[in-house]
Each structure stands twice: as C-alpha cells, then as structure tokens.
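One structure is given below, encoded as structure tokens.
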Amino acid sequence: MSTNIDIFPLIGKRVFVSGHRGMVGGAVVSQLENENCEVLTASRAEMDLRNQSEVNDWVNRERPDAIVIAAAKVGGILANDTYPADFLYDNLMIEANLIHVAHVAGVQRLMFLGSSCIYPKFAEQPIKEESLLTAPLEPTNEWYAIAKIAGIKLCDAYRRQYGRSYISAMPTNLYGPGDNFHPEGSHVIPGLIRRFHEAKEARAPHTTLWGTGTPRREFLYVDDLAEALVMLLKQYDEPGPINVGSGEDMTILELAQTIASVTGFEGEIRIDESKPDGTPRKLMDGSRIRALGWSPKTDIRSGLERAYRWFLDNHAPAEFRSV
Ligand code: GFB
C-alpha cells in the first residue's frame, strides 16, 4: 500500500482501541492484527468513557503507547436530530477525557475520528480540509459536528501547547459488517438494507425512502477505512483534519436502487418527504490522503453485498443497539 516511512512503528506497541464493539473500532482491531502490536480494548462495564476518573484509572493502569478514539455516540440523521443533548454531551466527554488523560499519562500517539459532517452545510465540493469553520453547519447534526470539531481542536491544542503527536481523521459516511441496523437510529445504508429486506420477506408492494432521494452522499466500506487509519497512525503527523473518503458520490435514490437490487426487493420505492434530507451534498476531497499512497479497494456494490450478508448472518433484533 503506502511506501512512506513509519514515524510511529506499531511493532511491539500497546494500542488501545476505544469503541471496539462498534463497526469502526471492530474493523480497526482486525486491521491491527497484521501489525505485531498488542491491541487493548475495554468494555463499557470496565470503563465508562464519559467518566474522567474511570478513564484516568484505566489509562494509568494499562499504559497504552497509542490510543484510537473510535468510540462515539453515533447515528443517522433522525437520531442526530432527536437526541441533540446525547450527541453533544457524550461525544464531548468521551474525547475530552481520552485526549486529556492521554496527555497527562504521557501517551505518545493518539488518533481521533470525526466525520464529514464537521464541514459547512454548503461547503464547496469536493470538500477540502481547509473549509472547516468557514460557514454554518447542517442543523440536523450540528450537535454531533460541534463535538467532533472540539475533538479536532483538542488534538491541535495539545499539539501546539505540549508538542503532542495527536491526529484527527475525518471519514465520510461509512457502512459494512457490524453496522447498527436500528430502523430509526441507523444511517441510510443499514436502514435501507433492513427495510428493503423486511419488505421483500413480507412481499410488500412498496416501501419508503426518507427525504426526497436527491441528496448526494459519498460512502466508504469500513475495512477500507480501517486500512487508511492504521496507515495514518503509523505515518501521518499534522494538525487539523485529514479526509478519508471513497472519492465518489451518488444520490440517495441511486443508492436505494442498488440496495433494492442487492437485497432482491422488487417493489416500489416511495419517498417520504416528512423526513429530513440533511446536507444536499457531502463529497470530500481526498487528495491529501491519496498523496500518502492510500486508496479504497471496495466498490459500492460488493461492499453492500458484504454488508447485507453480515445483516443476514447476524439478524438478531433483540441485540440491536437502541439509540
Ligand atoms: O445516513 P444518513 O442518516 O446520514 O442519511 P447524513 C443520509 C441521507 O439518506 C439523508 C436519507 O438524506 C436521509 O434523509 N435516507 C433515506 C435515510 N432513507 C433513509 C433511512 O431509512 N435512514 C436514514 N438514516 N437515512 C449523518 C449525520 O448525516 O451522517 C451524522 O447525521 C454523521 O452526524 C453521519 O455525520 C456520517 O449523511 O445525512
């Protein structure tokens, strides 16, 4: 993949991946298995990341060399819009505790994960890292975005004041095995996989798509993200966000048609305009990470097929995370 020199070789290092039960954290843990490092994880019962003294005790006891902040309160457009306090407070606490405690405990390396929704609602496309904080945010997810912007700034502040090598990666909209398939709380891909699968099973003549179907989104398969993140952890050391995207976007209606084909739903797709559209377009400029030698391997069709396979194999409604 990348031919750059590792500024932070992972061999023999203790790497704490927070949020390992989530889709992103789980993929990062799998990716780190190729790296001859020791991966540390902690269950929610062991450490509530919103609790500073629990985070302080755990980090000082386990002494990781690096921390990946994949833990976050996440959800789709409706969850973001419905639970603003949870999205703002939980994410602020998780990142503030981990970044501050990492610094105080002398953790050498830290990678914070944000999201493409940190950029202005009407940012020029494709969105460059420099457009951060140049215009207002999309209202449906400004709570989450403001927490994530604070996380980027925390990494930059500890870098500037204390010389810490803490970095921030901004993934585009993600999907894949281990996603949250909650009917209301999920992102669009797992939401539609579930709804279209259930409509097919019920032989329903039609099912719905939220919003107008016209917004454009860029999607990245989670294993491609994990590969990018491990490369960045080893090789990248700059302030500010670095975008991680697929470089291609599509309309939500095009996405729905592809998911209908993958799941075998042949009925009508009706739009439900009572649900929000969110940002009209969110395609990131990936020049910076491409220059480091990374590019995604998974096309949208095969990624969706794998995500659907995972959904079928793990379809256990009682275990779906609530939002
Ligand atoms: O994936 P999604 O919730 O993320 O929605 P955002 C993307 C688009 O798909 C929106 C439409 O225009 C939705 O209206 N959509 C259609 C659906 N059908 C559905 C459905 O069944 N479920 C969902 N969820 N959407 C989130 C942010 O925004 O993106 C988060 O709220 C985060 O903070 C995440 O940044 C990456 O791209 O609109």
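Output the residue which, of all residues in the range 183-209 that are surrounded by fewer than 20 Cβ atoms within 10 Å (Cβ to Cβ) and part of a loop (DSSP other than H, G, I, E, B), is farthest from the ligand (Cβ to nearest atom).
203
Inspect the range 238-249 for any residue being farther than 24 Å from residue 69 by Cβ and crowded, with 22+ Cβ neighbours inside 10 Å and give the result as yes or no.
no
I'd like the full set of residues that are in a loop (DSSP other than H, G, I, E, B) and either buried (at least 23 other Cβ atoms within 10 Å of the Cβ) or of a type in the set (Gly, Ala, Ser) (or both), limited to the range 92-113.
Matches in the range 92-113: 106 only.
Which one of the conditions (1) over 19 Å from residue 79 (Cβ atoms); (2) within 14 Å of the ligand (Cβ to nearest atom) does residue 129 fail to meet, given that it meets all the rest?
Failed condition: (2).
Quick one: is residue 295 among the small types (Gly, Ala, Ser), within 18 Å of the chain's Cα centre (by Cα) and either surrounded by fewer than 12 Cβ atoms within 10 Å (Cβ to Cβ) or closer than 30 Å to residue 239 by Cβ (or both)?
For residue 295, the condition - among the small types (Gly, Ala, Ser), within 18 Å of the chain's Cα centre (by Cα) and either surrounded by fewer than 12 Cβ atoms within 10 Å (Cβ to Cβ) or closer than 30 Å to residue 239 by Cβ (or both) - is met.
I'd like to verify a number: residues in the range 298-313 that are surrounded by 13 or more Cβ atoms within 10 Å (Cβ to Cβ), over 30 Å from residue 236 (Cβ atoms) and touching a Pro at 6+ places or on another chain (Cβ under 9 Å), how many?
Number of matching residues: 1.
Out of the residues in the range 167-184 that are among the aliphatic types (A, V, I, L, M) and under 9 Å from the mean Cα position of the chain (by Cα), which is farthest from residue 241 (Cα to Cα)?
Per the criteria, the residue is 174.
Of the residues 255, 225, 220, which is assigned to a strand (DSSP E or B), of a type outside the set (Phe, Trp, Tyr) and under 16 Å from residue 299 (Cβ atoms)?
Going through 255, 225, 220 in turn, the sole match is 220.
List pairs: first in the range 206-227 and over 21 Å from residue 196 (Cα atoms), second among the hydroxyl-bearing types (Ser, Thr, Tyr) and modelled with pLDDT of 95 or more, Cβ under 7 Å, 6+ apart or cross-chain?
222/175; 223/298; 224/298; 226/30
So, residue 284, is that one within 28 Å of residue 150 (Cβ to Cβ) and within 20 Å of the chain's Cα centre (by Cα) or not?
Yes: the conditions hold for residue 284.
Which count do you get for residues in the range 71-91 that are surrounded by fewer than 24 Cβ atoms within 10 Å (Cβ to Cβ), away from the ligand (no atom under 14 Å from the Cβ) and either at pLDDT below 95 or closer than 22 Å to residue 158 by Cα (or both)?
So the count comes out to 1.
With the condition kept exactly as written, say whether any residue in the range 158-179 is away from the ligand (no atom under 15 Å from the Cβ) and of a type in the set (A, V, I, L, M, F, W, C).
Yes, that holds for at least one residue.
Tell me, which residue of the range 1-33 that is exposed (fewer than 13 other Cβ atoms within 10 Å of the Cβ) and without any contact (Cβ under 8 Å) to a residue 40 or more places away in the chain is farthest from residue 230 (Cα to Cα)?
So the residue we want is 12.
Quick one: is residue 60 within 11 Å of the ligand (Cβ to nearest atom) and either farther than 27 Å from residue 7 by Cβ or not in a loop (DSSP other than H, G, I, E, B) (or both)?
No; evaluated as a whole, the condition is false for this residue.
Pick from the range 140-166 the residues that are polar (S, T, N, Q) and in a helix (DSSP H, G or I): which of them is farthest from residue 240 (Cα to Cα)?
140
Out of all the residues in the range 261-313, which are more than 15 Å from the ligand (Cβ to nearest atom), polar (S, T, N, Q) and not in a loop (DSSP other than H, G, I, E, B)?
Scanning the range 261-313 gives 261, 287, 302.
The values are calculated or read from the model by the stated rules, or taken from the named source; none is laboratory data. As the structure is a computational prediction, the values presented were derived from the model and not from experiment. Note that we place each Cβ from the backbone using ideal geometry, even for glycine, and neighbour counts take in every protein chain shown.
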